[in-house]
Amino acid sequence: MKRGVLASLVLALAAPAALAAQDTTARPGGVRVGITYVPGTRSSIAILGAAGAAVDSVRTILQRDLDYSDRFEVVVPPASVLVPGTAPDYRVLTALGADLAVAVVPAPDPRGRGVEIQLHDVRSGSVRNRLDLSLPSAGAGGEAFRQAVHRAADEVVRWATGSPGVASTSILYVDNGKLWRVDPDGLGRAPVPSTGSPALSPTWSPDGHTIAYTALVRSGTPIVLQDLAGGRRDVVPGTEYGVNITPEFSPDGRKLAFAHGTEDGTDVYLYDVARRCCVTRVTVGRYSDNLSPTWSPDGQRLAFVSSRAGQPQLYVMAADGSSQEVLAPFDYGSTGQSNGPEWSPDGQSVAFHREVRGIPQVFVVDVASRVVRQITGAGRNEDATWAPDGRHLAFVSSRSGVRQLWIVDLETGRMRPIVTTGGARLPAWSPRHASLEAG
Amino acid sequence: MTAKNLFSVGALALVVTAGCSRNPPPPAAAPQAQGAADSAAARAAAARRDSLAAQARADSLARANLEQSRADSVRAEIQRQGADTGSVAVSPGLAPAEASELADAIHFDYNRADLRPADQAKLDRKFQLLQAHPRLEIQIAGNCDERGSVEYNLALGERRAAAAKRYLVAHGIATSRISVVSYGEERPADPGHSEESWARNRRDDFVATRGAN
């Protein structure tokens with residue numbers, strides 16, 4: 001029974017919605033680009049919470065996380081549906097159209113700091129999963145408290161859909177030359193200590209413990225490896241000279257691909273992080289630029305940007321530099337320049353931005369078919385980065401009039417701003433389980 | 001000054017640095033003097049080779065030293081936490097008019113890194129300044145407009161700076177006297193978003209980094 005419900009739920013979620021993203025801020029009229037919102041394919045989830053301060057705080061965060069997962073229609077029924085100590089009223093939940101219900105109840109903890117989170121299957125009228133959440137003693141608005149609830153929310157998403165949510169991840173970005181991080185719900189914004197000089201192009205190691213970025217110091221543009229917890233910093237050897245940009249760790253974390261520019265042009269190089277030595281050159285593009293390498297999840301291929309045909313466009317090659325070919329098809333002389341590629345966690349697509357009539361827009365190219373799909377259409381949109389769930393992208397958009405970070409869900413097309421300070425750029429979405437110590 | 005004029009100045013400079021020892025070619029109609037002239041020419045050529053080799057060695061040594069000290073300062077700089085407030089003390093020993101001629105920026109077409117013919121006169125003047133002040137060292141900073149990605153513009157800026165450096169080096173300035181840096185789109189000369197602003201921002205800036213006379 002439970003199996004059957006889960007199977008149909010997964011099936012419903014996996015139903016191929018032939019859609020591009022919906023730009024929810026676009027005004028009616030004018031050209032809307034590839035936008036088809038298909039409602040009704042998501043299950044409906046009710047959020048229940050008994051009275052009490054801790055429960056309220058947990059429920060509020062949980063509700064937002066489940067909403068932002070974009071996998072459910074979130075329903076908030078009246079408080080009377082959940083009477084403490086008894087099962088929820090499944091008839092009312094059914095009448096509200098809820099397929100699932102999450103209940104937050106005080107855990108039988110004498111000190112009263114824990115809550116229990118339950119996932120109810122409304123149709124069968126039973127509890128499917130439960131989880132004891134012991135809350136940090138720090139205040140309900142504190143970072144540790146919020147992260148604990150985010151982790152619980154990701155687990156609820158996993159119970160309901162088979163794959164965890166991304167609420168407990170973090171997005172690194174640059175604002176006015178400084179490194180910052182922010183949670184995907186837009187809270188927890190905090191500076192990340194870096195060199196005193198402007199930073200560019202931050203990226204995460206796969207284990208989430210190290211970041212790499214370009215530092216625009218006075219005497220050069222080295223690539224810096226920085227331990228997030230301890231703050232230890234090293235220069236990638238050889239990057240003391242020339243222009244050194246767009247670092248990205250290989251999926252096994254053992255190599256760092258980056259671009260090194262000399263007076264003869266810019267090429268892709270690999271640094272052996274594991275052995276802390278040995279920089280090898282991957283591309284040879286005399287007087288052209290080859291940059292922004294991004295790894296396929298199996299570590300076998302690199303997508304990258306090259307200006308070999310004049311305008312920068314997207315190419316792909318084997319990780320040893322062989323078999324180079326165009327990745328995102330373009331018309332010579334008419335297609336705008338393409339930049340900022342990032343390979344999706346599922347390996348199927350590469351997100352990038354391409355100029356359309358001089359304005360950058362976010363695109364996704366399907367790696368197998370080479371079909372290119374435009375995701376955005378309003379304002380300038382660039383520097384897309386994948387969430388670990390492979391369905392959300394964070395990107396920089398000027399659609400509101402200032403440069404902010406936005407998140408789009410590629411399945412539903414929903415868009416929302418997360419950083420609204422007006423100078424954010426170059427976001428890098430963390431892997432799961434990143435070091436989230438506030439800096 | 002035209003490019004052709006510059007070429008002759010460059011050739012002259014090469015002769016001067018080679019030790020002023022090159023004789024005019026002997027007249028063809030003087031067979032009895034041919035042997036003596038030949039050996040004189042050979043001696044001169046050898047002297048010139050030695051002198052060039054010595055200069056190349058000195059250049060490469062200077063470059064190695066420069067690179068080492070640059071690498072050291074890069075490693076020191078990334079350890080700093082605070083804001084970068086330091087400034088380089090420069091006393092280039094240039095007259096004010098010369099200083100502004102040195103600083104005169106050159107400009108580029110969209111997504112291009114090749115020198116505009118119209119800018120050659122400006123580069124020729126910088127070449128003369130570098131000739132006139134042998135201890136002057138400069139940095140060429142390549143800049144871009146805000147279109148294109150931040151990172152691509154860093155690469156493009158490097159090529160723009162390198163194009164100007166190649167021109168000066170091709171005409172005889174020692175490569176160790178010219179460093180290049182790219183600021184991409186990070187340091188616009190004009191904060192606007194119009195075609196005119198972009199045109200002003202696609203440029204090479206020239207600054208003296210050393211060279212008190």
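The values are calculated or read from the model by the stated rules, or taken from the named source; none is laboratory data. On a predicted model such as this, the values are computed, not experimentally measured, just so you know. Virtual Cβ from ideal backbone geometry, glycine too; neighbours counted across all protein chains shown.
Here are the numbers for this structure:
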quantity	calculated
Yes/no for A:Gly253 being in a loop (DSSP other than H, G, I, E, B), within 29 Å of the chain's Cα centre (by Cα), more than 14 Å from chain B (Cβ to nearest Cβ) and not aliphatic (A, V, I, L, M)	yes
Residue in segment A:213-242 that is farthest from B:Gly157 (Cα to Cα), counting only those that are away from every other protein chain (no Cβ under 12 Å) and touching a residue at least 24 places away in the same chain (Cβ under 8 Å)	A:Ala229
Filter pass, A:Arg414 being assigned by TED's automatic domain parsing to the domain that holds A:His209 and farther than 26 Å from A:Val157 by Cβ	no
Pick from segment A:261-311, criterion outside any strand (DSSP E or B) and β-branched (Val, Ile, Thr), ranking: nearest to the other protein chains (Cβ to nearest Cβ)	A:Thr283
Unique match (being modelled with pLDDT under 95 and small (Gly, Ala, Ser)) among A:Gly310, A:Gly347, A:Gly340	A:Gly310
Any chance A:Ile407 is in the same structural domain as A:Leu291 (by TED's automatic domain parsing) and within 19 Å of the chain's Cα centre (by Cα)	yes
Conditions (1) out of contact with any Cys (no Cβ under 6 Å at 6 or more places or on another chain); (2) surrounded by fewer than 17 Cβ atoms within 10 Å (Cβ to Cβ); (3) not hydroxyl-bearing (Ser, Thr, Tyr): number failed by A:Phe258	(2)
Meets criteria (part of a helix (DSSP H, G or I), touching a residue at least 12 places away in the same chain (Cβ under 8 Å) and away from every other protein chain (no Cβ under 14 Å)) for A:Val166	no
Failed criterion for B:Arg177 (all others in (1) surrounded by 21 or more Cβ atoms within 10 Å (Cβ to Cβ); (2) within 11 Å of another protein chain (Cβ to nearest Cβ) hold)	(2)
Out of A:Asp99, A:Asp89, sole residue that is touching a Ser or Thr at 6+ places or on another chain (Cβ under 6 Å), at pLDDT 85 or above and of a type outside the set (A, V, I, L, M, F, W, C)	A:Asp99
Among residues of segment B:116-171, those that are polar (S, T, N, Q) and surrounded by fewer than 21 Cβ atoms within 10 Å (Cβ to Cβ), counted	4
Residue count, segment A:177-212 (criterion: facing chain B (nearest Cβ under 8 Å), of a type outside the set (A, V, I, L, M, F, W, C) and assigned to a strand (DSSP E or B))	1
Sole exception among (1) at pLDDT below 95; (2) within 25 Å of the chain's Cα centre (by Cα); (3) under 30 Å from A:Pro237 (Cβ atoms) for A:Arg146, by number	(3)
Single unsatisfied condition, B:Gln120 versus (1) part of a helix (DSSP H, G or I); (2) at pLDDT 95 or above	(2)
Considering residues of segment B:175-196 that are among the small types (Gly, Ala, Ser) and part of a strand (DSSP E or B) only, the residue nearest to the chain's Cα centre (by Cα)	B:Ser179
In segment B:180-189, the residues that are of a type in the set (Asp, Glu) and within 8 Å of another protein chain (Cβ to nearest Cβ)	B:Glu186
Single unsatisfied condition, A:Trp406 versus (1) part of a strand (DSSP E or B); (2) surrounded by fewer than 23 Cβ atoms within 10 Å (Cβ to Cβ)	(2)
Residue count, segment A:312-339 (criterion: part of a loop (DSSP other than H, G, I, E, B) and polar (S, T, N, Q))	6
Subset tally (residues that are more than 8 Å from chain A (Cβ to nearest Cβ), assigned to a helix (DSSP H, G or I) and among the charged types (D, E, K, R)) for segment B:145-174	1
Filter pass, A:Ala274 being modelled with pLDDT of 95 or more, out of contact with any helix residue (DSSP H, G or I) (no Cβ under 6 Å at 6 or more places or on another chain) and not basic (Lys, Arg)	no
Residue list for segment B:190-213, filter: more than 21 Å from A:Gly220 (Cα to Cα) and within 13 Å of chain A (Cβ to nearest Cβ)	B:His193, B:Ser194, B:Glu195, B:Trp198
Residue in segment A:377-385 that is part of a strand (DSSP E or B) and more than 14 Å from chain B (Cβ to nearest Cβ) present	no
